[in-house]
Every structure is written in C-alpha cells, then in structure tokens.
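The numbers here are math on the coordinates, done by the rules we state, and not lab data. On a predicted model such as this, the values are computed, not experimentally measured, just so you know. Cβ sites come from the backbone with ideal geometry, for glycine too, and all protein chains shown count toward neighbours.
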Amino acid sequence: MRRIQLPEPPSPTTGRGTPDIFESGVHTFVRRAVVIGNGFAASENQSIGLVRALGLSDKHVLYRVTRPKGGINEWLQWLPVSLHKKIDYIVRMIRGYSQLMLKSQEKKLMPLPSENGVSAGLLSVLEADVKHIVSFARETYEKEGPLLVVACGRDTISTASSIKRLASENVFVVQIQHPRLHLNRFDMVITPKHDYYPLTPEGQKQVPQFLRRWITPRDPPDCHVVLTMGALHQVDFSSIRSAAATWHDEFSHVPRPLLVVNIGGPTRNCRYGVDLAKQLAASLLSVLARCGSVRISFSERTPQKVSNIIVKELGNNPKVYIWDGQGPDLHMGHLAWADAFVVTADSVSMISEACSTGKPVYVLGVERCRWKFNEFHKSLREMGVVRPFTGSEDISESWSYPPLADTADAAKKVHEALAARGWKLKVGVAKGFDFSAAENLGKIRLLNKKRKVFFFKVGGLGLMRIVRGMQRSLCEDHYCCNDSFFQGIGITTPKARTRDKLMIQTL
C-alpha cells in the first residue's frame, strides 16, 4: 500500500498568513475612534469625514462639548468653555438662593431654560467628560488597542489636549482646525493652509499687535501639522455613488444641464445682504437660457431677507426649483446629479464639498471676503478649481481640474503618523468605502467581467506594480469602481482607465 503524503501547512507568506494579532499584538491596532464635537454640523462633519476615510465610520463614538444656553449665556460664547460653565454655575447658584426674592424679575433678567433645576442645554447631548473618555481609552487599550481621538472646533481644544496629556500612551489625538496653542499638545493638527495667512507680511498688517497671540498661529507649521486646501468632509467617490443611486428617481428626469445653487449666509469675514441676493437673482435669470434647470437650497445661516428675494425673483420660473428645507435632505443628491455648482463665498465647507466632485464650481461674492478667507479663494482660482459667477456662463460647457481630496490626503497622513509610532489601523471590510480607504489597505485586487485579476500595491509613491493572472477569490466582498478610482490611485493610461465595471477585492 502506497503511503499517503499530506500537504504541508500554508506558510505565513502564502494565503492569508498569520493573523495580524499574533504577529504584532493587540496593542498595535487602532480599532475604535472617539469624535469630540461642539454641536456645530460644519465642525463635526469634518471629524466624522476623517474617521470615515480611515475606515472607522461604524466604530466611533460621538461626544460633545456643550455650553450653557439661554439668557446671559448668549453673550458669553467667546469665553473658554470651562470659564463659561463656572460663571453659569455661579449665576444658577445665585438664582437658586434668591429665587423667592427675584421671582417676578427672573424671566426678564435671565431667562435660562432649565430641566430638573439644571440648564436644559447640558442634558440634551452626551457630555464630553475628560475623565470618562480617558478611562474609556485605557480600557480600550487593554482590550482592543489604542484609541483614535478626533476633535474639531475651538470649544474642543481643551478637552482634546487634556485627553492627550492624561492618556498619551493610549491615544492618538487629532485636532482639526488650528488650535492657536502649542501644537505639541496634540499628536497631529489638520488645518487649512489659509490659517497660516496671518503669519505672512500681508496678514500681519491686518492684525493688531495685541490680538496676534489670540487669533494667529504662533509658529510656522511643523512636522506634525497637515495642511489642507479646504475643509474636510464626508463627500467621496463612495458617497457620491450611493447618493446617485438613492436619488435616481428624483433627478434622472430633470432637464440637463442641472445647475445647483448653494446659498450660505454672511459671516464677520464675508459680509453681504440683500444686495448680493439681488445680484445672484439677476445672474441666475441671465443664465437660465443656457441651462436645463436650476435647483436652489439655503443653509441655516441664510437670512430671511436674502431667501425672500430669491423666492420672489425666481420662485415662479418653471426651470427653477427652490428647496424649502422640508423632507429628506437633498444635499447629497445635488452633489451627485449636478452638472455645475454656484456657491456663495462665505462657506469653506460647501465650496470644499463641491470642489471634491471635479465638476465646474462658480463662486459668488468673493470680493466681499477679507483676510485669510480671501486667500482661500485666491488659491482655488490659481489652481483652476473655481471661477467667478457672472451670469454670462454657458452651463453646458465644462472644464476639468484635479478634484480636492483633502480628506483622503489627511487620512494618509494619519496612517503614516500611526505607523511611525508602531501602530496601524485595523480597518474592517465594509461595503461602500472609497478608494482612499482601499488605498490605505495596501494591496487591492481588481477583477473585470472575464475574471482577470490585476494586482497592484499603492502607497505614497502612487502605483507600484500591476501583475495579471488568475487567482481564486480570497474575499467575498466586492466593490464597484470607475474612472475616479483609477485617477485617485495613479492609473492614468487610457487602456487602464477604459476598463468597464471592474470590481475590487481587498486581500
């Protein structure tokens, strides 16, 4: 009888190999994230966008730094959060002590909303308590590995820096937007380039000497500062593709080209009113003959007098649809289906999202912006990303530019910084992640309809290698990709970019 020879067990270099946890240990993988928000959608959207690009969208917890609301508190928003809360506590103690004496005047002087004797605003969200988050970080480190902490906005600075100080060995802290503090209080700071405009000679002339310490960066960016062109957000290839499918029935029949108009609101560095609204209405009426349809939406900051003028001038035009803010939010549908955008100059976030689509973006009101925001618009114009909106445009004409990919670029920097520390992200395979998340996984396999496989490795140098061959499937999850995917990873040859409906598989 011939002896049966059993196959050799697979080596670590073939197949799936040795699980990562046995090679590196549990304490080297970042599996969870904490987002520290300030209650403002624009700020929290940046943090969640970064977490999403890192592949942790379903593995994060949101905490919020909240301020007391109502009455005198509306005049104390400029104070540091900790000082603001102490003043609010003292005021409430005085009010409680003298409640009987001042009962008749209480509403008139300090109408602070309350629930069960405590300021209502502090009970409506989960409070970002430093001790609790530090304890959570230490427990997570022992069980699952380090914790990623992402914060954005002025009110989150103290909380994020305290977490870094108390649990530096257990966390990696990312602060989005320049904190105006010593940067070594964070592991990484992600901020727009125009935040450093005050350090330029022109910027210095516009800031009084006694204010420079408080409103300008103290030093030029160092090695752990990541500079972006605009704001981070959640718009990427995956979300656009998903929105295109979700809003297909709503937009597929709309006459083309479709011009989407996003109207924000005046800010202290970009002031406007009814004059700009009248200019916008006149320009849109002029451009209607050269586009199929126009869809207009307002933000929460849009003054009533501005929206009233737009509705009055354009509301009855059959080519124009003005969203009233009721029902599902159309924003992602607009980004997916628009052929071009008009955006008011006040919102860095709205402009950044529109410029990430690669579609024509026209900006209105740039001449009304000052200081570092004027520098932001100047940089976009020099890159050929945006153009001024005059009303003489032909919306059927288009132009191309490299889409802004600030969120994906920032995510790469986080990966590199974690690797330098000996850590890495344990990214779960989840449907819908975009090329930036796939890129961070290192190796990807592409399959076309004929089941031919294209192996390549991507990193900081772009495309590294492509090998054709036939391999059996190692992963059941598939993801569609198109030209945007190949452009993002550096494949620019016509042959590669014209492959139809390829699928990707993570190895």
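Considering only beta bridges that DSSP places wholly inside the range 234-348, some 5 percent are antiparallel. Sorting the segments 347-354, 277-284, 393-400, 334-341 by their residues' average number of neighbouring beta-carbon atoms within 10 angstrom, most packed first, yields 347-354, 334-341, 277-284, 393-400. Whose amide H sits under 5 Å from the amide H of GLN177, counting only residues 5 or more places off or on another chain, with H placed in the peptide plane? Placed amide hydrogens put ILE190, THR191 under 5 Å from GLN177. Pairs of alpha carbons in the range 240-388 separated by more than 17 Å make up 60% of all such pairs.
With K and R counted +1 and D and E -1, the other residues having a Cβ less than 9 Å from that of VAL363 yield a net charge of +2. Distances between placed amide hydrogens fall under 5 Å for VAL171 paired with LEU147, all partners being 5 or more residues away or on another chain.
Among LYS131/LYS426; LYS131/LYS164; LYS319/LYS378; LYS359/LYS413; LYS59/LYS412; LYS278/LYS319, which pairs are too far apart, with a Cα-Cα distance over 23 Å? Each step should come with its number before you reach the end.
On the way: LYS131/LYS426 26 Å; LYS131/LYS164 12 Å; LYS319/LYS378 32 Å; LYS359/LYS413 26 Å; LYS59/LYS412 18 Å; LYS278/LYS319 18 Å.
In this structure, LYS131/LYS426; LYS319/LYS378; LYS359/LYS413 lie more than 23 Å apart at Cα.
Using the Karplus relation 6.51 cos²θ - 1.76 cosθ + 1.60 with θ = phi - 60°, the per-residue 3J(HN,Hα) values for the range 258-268 come to 9, 9, 9, 10, 10, 10, x, x, x, 10, 5 Hz, with x marking Gly and Pro.
Backbone amide hydrogens, once placed in the peptide plane, bring THR267 within less than 5 Å of TYR272, excluding anything fewer than 5 places away on its chain. Take each peptide in 244-250, 187-193, 59-65, count the other Cβ atoms within 10 Å of every residue, and average; sorted highest first, the result is 187-193, 59-65, 244-250. Counting other Cβ atoms within 10 Å as a rough exposure proxy, the listed residues VAL174, VAL254 run VAL254, VAL174 from fewest neighbours to most.
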